Each structure stands twice: as C-alpha cells, then as structure tokens.
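*Asks:* Got a structure here, written out as structure tokens. Questions coming.
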Amino acid sequence: MKGKKSYAEKYGCERVVTARNSALAFAEIDMLKLAPGKSFSYAEPGKEFALMVLAGSCTVEGQGFRFERVGKRRTPFDGVAEGVYIGKDTPFTVTAVGGDVRICVAKAPAEKAIRPYRIDAESVRTKTLGKGPFERFAAFNLDESREAQRLYIGEFWAEDGNWASFPPHKHDVDDMPAEGALDEIYYFEFDKPEGFGVQMVYTKEGDIDEAYKVRTGDFVEIPKGYHPCSVAPGYKCYCLWIMAGNNRGLFSTTQEEHKWINESYTPKSGK
C-alpha cells in the first residue's frame, strides 16, 4: 500500500488512515474540520481516541464529561496543541467554538477502559532535541505521564533546512526495553503554501526504500524502518507524530553507522 496519503482541507470528517487502506497494525487517523457551532459525533466501540486540536477551539462532551474551549492556536505554529483523550466504548460529540476548528483524530484498538481527560498546553512537556542542522523543538502531548493503552503522541517543529528524527532510528521490533514495535504516522504542515520537505522511510534489508516529498496536508505511514525527514531551507515545518503499540514510549534503536552523530558531532559555527 502507498505510504503517503494527502488530505485536502474541507468541512466534515475524512477518514484518512484506516485499517482497510493502511499496512499499520494499530493506528488510524481522521481529519475533522467544523464551522462555528457545528458538531460531529463519534461512537466506535473498542477504540481509544486522542483529539489533537491543530487550530481553533472546540467543546468535547459525552456522558459524564464536558471539556470546554479546548485549543488555543490559530495555526500549528502558534504553540503546543491542546487535546482530549477518550477511552474505549465512550461516545462523544465535538462542537466548534468561536470559529472554525481543525482536529486530527487519532484512534487505536483498546481493551482497557480509561476515563476521558483534557490535555492542556501548559501541562505538555517540551524539549529542544538535536543540535546544529538537526535541532528541532518538540512537544510530548500524550506521553507516558498520561494514561492511555496504545496511543503515544507528540509534535515537532523544524526549520531552514534542518533534519528531524535524526540520527535515523526505528521502533519495529519487540526487544524491550531497548526497542518496542510501534506504528507511526507523521502529519505535516508548512508555514507557507509553497513550503515542502522530504520524509524518508527505509529498512536495513532494503524491502522499504522511499523518499516522499511532503507538503501541508500530507501523511506518511511508518510500519517499520528508519524515518528521518528534513525541511527545505527558508521554510518552517510542523509535524504531528502519532505512535501506537503495546509498549508506549520512545523505545527505539539508532541506525548503527550513524550513532556517532549523537555522541561526538560538533556543529560548525553559525549553525
């Protein structure tokens, strides 16, 4: 199956990554855009959900819970995403508040019942990763500090020719605690309409060896293998990454021949 999928922004709900059109074991993605006051309801038994608000604000409610005005960003470049986690077998409704709202809805099969909760921007852990030409700012929105069964979600921002997910790493083998097998999906946006980047996905064995040009609205599925990416010089890149698996966390191994970069790389002056 094709590893890159593209979403053209429009009102309503679009099923972008599903169990039928993807090689992934767990992760699914919907994109939801609502006009002010409009609502959309979900009732999908046996799945957990994480709603990451890309832009705008919304109310999320169901039986016994109501989270108002979730989301503070005008664009994904205006800070960290807010969101809502919904456990399995929990119908809910999303309503746009104060303007259009755009939401990435991540889903994964779940057996464990977990109460819904809100993810506020102020509570999200952030960190600068890498150095020099592979420095990027990252947020860990739904990490191991928050309860979930399989979903594990974060964001990063890279700019001006920099690389991310670098040095190359993978998480496709259950060899805990060194490495866990987790699906991953990258979703991209750029600060200008003409902005673009390159997302690589490849394995040591060579059965996957892809380099995708990515623009705003593009998704890349990572069923296995190494997956570094870069943004074109002069542009800023936003990436929402969604992981799903039985071992939630950053249990990954670095490509052997590139391990030295983390250990001894020194950026040239001015970069």
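*Asks:* Please go through the residue pairs Lys4/Lys131; Lys4/Lys112; Lys131/Lys170; Lys47/Lys127 and name each one whose alpha carbons sit more than 26 Å apart in this structure.
*Replies:* The pairs that break the limit, which is 26 Å between Cα atoms, are Lys4/Lys131; Lys4/Lys112; Lys47/Lys127.
*Asks:* With +1 assigned to the C-beta of every Lys and Arg and -1 to the C-beta of every Asp and Glu, and no other charges, what is the dipole magnitude of the chain about the Cα centre in debye, to the nearest 20?
*Replies:* 700
*Asks:* Let me ask something else. Could you pull out the GluC sites (Glu not before Pro) across region 118-206 that fall in loop regions by DSSP (anything but H, G, I, E, B) with no more than 10 other Cβ atoms inside 10 Å?
*Replies:* Taking region 118-206 and a limit of 10 other Cβ atoms within 10 Å, the loop GluC sites (Glu not before Pro) found are Glu194, Glu205.
*Asks:* From the P(r) of region 51-107, can you give the percent of Cα pairs sitting at distances over 15 Å?
*Replies:* Working: 666 of 1596 pairs.
Value for region 51-107 (Cα pairs over 15 Å): 42 percent.
*Asks:* Using every Cα-Cα pair within region 208-269, state what percent have a distance larger than 20 Å.
*Replies:* 48
*Asks:* Please list, in order along region 62-69, the HN-Hα scalar couplings obtained from phi with the Karplus expression 6.51 cos²θ - 1.76 cosθ + 1.60 (θ = phi - 60°), rounded to whole Hz, x for Gly and Pro.
*Replies:* Each residue of region 62-69 in turn: x, 5, x, 8, 7, 10, 9, 6 Hz.
*Asks:* Regarding region 153-214, what are the three Cα extents along the principal axes, ordered largest first, in Å?
*Replies:* 41, 26, 18
*Asks:* So, one more: How large is the helix-only mean residue ellipticity at 222 nm for the chain, computed as the sum of -39500 (n - 2.57) over DSSP H runs with n ≥ 4, divided by its residue count, in deg cm²/dmol to the nearest 500?
*Replies:* Working: 1 runs with 6 residues, N = 271.
Here the helix-only value at 222 nm equals -500 deg cm²/dmol.
*Asks:* When a/c reaches 1.5 or more, the comparison of a/b and b/c decides; with that in mind, is the chain rounded, prolate or oblate per its Cα gyration tensor?
*Replies:* The shape class here is prolate.
*Asks:* Hand me the trypsin sites (Lys or Arg not before Pro) from region 26-93 located in a DSSP loop with no more than 15 other Cβ atoms within 10 Å, in residue order please.
*Replies:* Sparse-neighbourhood loop trypsin sites (Lys or Arg not before Pro): Lys38, Arg74.
*Asks:* Once Lys and Arg get +1 and Asp and Glu get -1 on their Cβ, which of Ser165, Ala139, Leu24 lies farthest toward the positive end of the dipole of region 9-264?
*Replies:* Of the candidates, Ala139 comes out farthest on the positive side.
*Asks:* Pop out the ³J(HN,Hα) list for region 78-87 in order, Karplus 6.51 cos²θ - 1.76 cosθ + 1.60 with θ = phi - 60°, rounded to Hz; leave Gly and Pro as x.
*Replies:* In residue order, the calculated couplings are 10, x, 7, 6, 9, x, 9, 9, 10, x Hz.
*Asks:* Where in region 155-169 is the amide nitrogen less than 20 Å from a point lying 7 Å along the Cα-to-Cβ axis of Lys213?
*Replies:* 159-164
*Asks:* Let me ask something else. Spelling out what I want: for every residue of region 113-127, take phi, set θ = phi - 60°, compute 6.51 cos²θ - 1.76 cosθ + 1.60 (Karplus), and round to whole Hz; glycine and proline get x.
*Replies:* With the stated coefficients, region 113-127 comes to 8, 10, 5, x, 8, 9, 10, 7, 4, 5, 9, 7, 6, 10, 6 Hz.
Values quoted throughout were computed directly from the atomic coordinates according to the rules given, and no laboratory measurement underlies them. Note that the structure is a prediction, hence the values are computed from the model and not measured. All Cβ positions, even for glycine, are placed from backbone atoms using ideal geometry, and neighbour counts span all protein chains on display.
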